[in-house]
Amino acid sequence: MHMADALLAPAVAGVMYVASGSAAGVSIHELKKDAKDIKLPVMGVMAAFVFAGQMINYTIPGTGSSGHLCGGLMLSALLGPYAGFLSMIVVLTIQCLFFADGGLMALGANVWNMAFYGCFIGYFLIYRPIMKAKWGNTRIRLIVASILGCLLTLQLGAFSVCLETYASGISELSFGAFAALMQPIHLAIGLVEGLITAAVLVFVYQTRPELLEVVGENETKVNWSAKRVILVIAIAALLVGGIGSQFASSHPDGLEWALFGNEDAGYNANMGLDEEDYGKSSNVSQAAESVQEKTAFLPDYAFAGNEDNPVGTTVSGIVGSAIVAGVAVGICYLGGFFRKKKQTT
């Protein structure tokens, strides 16, 4: 669901930067008030895991499309909504700057569409109420919360993409036709993400339940040490990014599928846009593209000029995961540092 700059007018992109920046400001403020040491390593490895997970597109059978993990709800269930949102910003920003995944001008919109809904709407409206409920057992509630949360938040994200392109005046895209393609395909993508999220959260619950938000308040039974759980997730992130990414689906993701179709594989053209010439161009988008060309050292998760070399994908997965982990931990550490400084003055 990473939007390109061509899908947005500069004014709409600016509004989305303000919206996402405001949510980030609130998150930083809240994180300073409630910094926990355990969030440092967990934030790092989970952000790396989400980065790696987003590299693996899974096929949606019978459609010619694919989907990938967003990860907002998963991060919020482990870190809380504020640290989860900041972690998603790190993931999306590094994808944008270093791997040219998603437009720089569109970054504010991508943060809103892929992070805000999962980290806040999915957490506060779905995850927390279900986990605080008394019906069923904790594992069942985790599974239900994961699936419903991902279904809802991907529907909201997909609909926001339609609204943003409509507000941008992208004349090639009929709002109704575009939404009719985006919503069903992201329903299927959200279901798969919900199952992946449920698997990860149930694993954490079975090994170290106190790492989960809400669940950890009432259940303290510990089977594994926190370090062991964190190590397993870190190894999983490296394996997913370094090896699993080699087996990603070649089908376009839900947004690309809706825009361009997949006629080469025998499927529909859908909106039928020209992949080389669509949407809008502006001085702002051209300047943003120029910045990305300078910062993206592994564009499209491959070696520049040697896109067919599979080693480039492996290197991208490992290097990207490491960068994301380091930056995420750094942000969380600074949040704790400023909180302590304020208390001592």
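Numbers below:
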read-out: In region 257-287, the residues that are outside any loop (DSSP other than H, G, I, E, B) and surrounded by fewer than 20 Cβ atoms within 10 Å (Cβ to Cβ); value: Phe260, Glu263, Asp264, Ala265, Asp274, Asp277, Asn283, Val284, Gln286, Ala287
read-out: So Ala47, is it in a helix (DSSP H, G or I), more than 19 Å from Cys150 (Cβ to Cβ) and of a type outside the set (S, T, N, Q); value: no
read-out: Residue in region 184-205 that is among the charged types (D, E, K, R), touching a residue at least 60 places away in the same chain (Cβ under 8 Å) and surrounded by 24 or more Cβ atoms within 10 Å (Cβ to Cβ) present; value: yes
read-out: Yes/no for Ser245 being assigned to a helix (DSSP H, G or I), among the polar types (S, T, N, Q), surrounded by 19 or more Cβ atoms within 10 Å (Cβ to Cβ) and without any contact (Cβ under 8 Å) to a residue 60 or more places away in the chain; value: no
read-out: Condition broken by Tyr117, with the remaining ones in (1) aromatic (Phe, Trp, Tyr); (2) surrounded by fewer than 24 Cβ atoms within 10 Å (Cβ to Cβ); (3) within 15 Å of Gly190 (Cβ to Cβ); (4) within 14 Å of the chain's Cα centre (by Cα) satisfied; value: (2)
read-out: Some residue of region 79-91 being closer than 22 Å to Ala188 by Cβ, in contact (Cβ under 8 Å) with a residue 60 or more places away in the chain and part of a loop (DSSP other than H, G, I, E, B); value: no
read-out: Test for Ser87: is it among the hydroxyl-bearing types (Ser, Thr, Tyr), crowded, with 20+ Cβ neighbours inside 10 Å and modelled with pLDDT of 95 or more; value: no
read-out: Unmet requirement for Phe51, which otherwise passes all of (1) surrounded by 23 or more Cβ atoms within 10 Å (Cβ to Cβ); (2) modelled with pLDDT under 95; (3) over 16 Å from Thr153 (Cβ atoms); (4) touching a Gly at 6+ places or on another chain (Cβ under 6 Å); value: (2)
read-out: Selected residue (only one of Val42, Val12, Val26 is under 17 Å from the mean Cα position of the chain (by Cα) and touching a residue at least 40 places away in the same chain (Cβ under 8 Å)); value: Val42
read-out: Every residue from region 277-311 that is charged (D, E, K, R) and within 19 Å of Phe99 (Cα to Cα); value: Glu289, Glu293, Lys294, Asp300, Glu307, Asp308
read-out: Conditions (1) at pLDDT below 95; (2) assigned to a helix (DSSP H, G or I): number failed by Glu213; value: (2)
read-out: Pick from region 293-336, criterion at negative phi and aromatic (Phe, Trp, Tyr), ranking: farthest from the chain's Cα centre (by Cα); value: Phe303
read-out: Residue under evaluation Ile38, criteria (1) modelled with pLDDT of 95 or more; (2) surrounded by fewer than 19 Cβ atoms within 10 Å (Cβ to Cβ); (3) among the aliphatic types (A, V, I, L, M), criterion not met; value: (1)
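The values are calculated or read from the model by the stated rules, or taken from the named source; none is laboratory data. Here the structure is a predicted model, which is why all the values come from computation and not from measurement. We place every Cβ from the backbone using ideal geometry, glycine too, and count neighbours over all the protein chains shown.
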